[in-house]
Amino acid sequence: MKYHEIEAEVYYLTTEEGGRKNGLLNGYRGQFHYDGGDHDGGQFFPDFLENEMIELGSTVSVLIRFPKRQWDEIHSGRIKIGMSFLVREGAKVVGRGRVKRV
């Protein structure tokens, strides 16, 4: 396997709350932010079809995939069940999440 997957629940902020202007699709690559650092991780939505848009203002189940090497070198042992994180685009917060499974 080339990646390590965690499960989380994420609330994506509305435009009025300072979030994105458009919804999201499977494979979204917002930055996973915790402990002061941003990390790349693809976001996939198991409860939605491949081309189905995730509406802003929704709380959804998300599978976040980190490259295996990144997981082993950076995240293993640091990402814990129940921890909070942000989804960011640059310095802009577009979502708030909680880890459900590592």
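The values are calculated or read from the model by the stated rules, or taken from the named source; none is laboratory data. Here the structure is a predicted model, which is why all the values come from computation and not from measurement. Quick reminder, even Gly has a Cβ in these numbers, built from the backbone with ideal geometry, and neighbours come from all protein chains shown. Ligands, DNA and RNA are stripped out before the accessible areas are found, and what is left, the full protein with its side chains, is counted by its heavy atoms. Shrake-Rupley method; radii C 1.70, N 1.55, O 1.52, S 1.80 Å.
Okay, residues lined up against (1) polar (S, T, N, Q); (2) modelled with pLDDT of 95 or more; (3) open to solvent by less than 30 Å² (accessible area, probe 1.4 Å); (4) in a strand (DSSP E or B):
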position: Asn51; (1), (2), (3), (4): yes, no, no, no
position: Leu56; (1), (2), (3), (4): no, yes, no, no
position: Ile64; (1), (2), (3), (4): no, yes, yes, yes
position: Arg88; (1), (2), (3), (4): no, yes, no, yes
position: Val93; (1), (2), (3), (4): no, yes, no, yes
position: Gly97; (1), (2), (3), (4): no, yes, yes, yes
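Annotation note: of Leu25, Leu56, Leu49, Leu63, the sole residue that is hydrophobic (A, V, I, L, M, F, W, C) and touching a Gly at 6+ places or on another chain (Cβ under 6 Å) is Leu56.
A quick yes/no check of all residues on (1) out of contact with any strand residue (DSSP E or B) (no Cβ under 8 Å at 6 or more places or on another chain); (2) of a type in the set (A, V, I, L, M):
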site	(1), (2)
Leu49	yes, yes
Gly57	no, no
Ile64	no, yes
Lys68	no, no
Glu89	no, no
Val93	no, yes
Gly97	no, no
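Residues considered: Gly18, Gly41. Of these, the only one that is under 19 Å from Thr59 (Cα atoms), over 14 Å from the mean Cα position of the chain (by Cα) and small (Gly, Ala, Ser) is Gly18.
Could you list, in sequence order, the residues of segment 18-47 that are closer than 24 Å to Met83 by Cβ, free of Cβ contacts under 8 Å to residues at least 24 places away in the same chain and in a loop (DSSP other than H, G, I, E, B)? Scanning segment 18-47 gives Gly27, Arg29, Gly36, Phe45, Pro46, Asp47.
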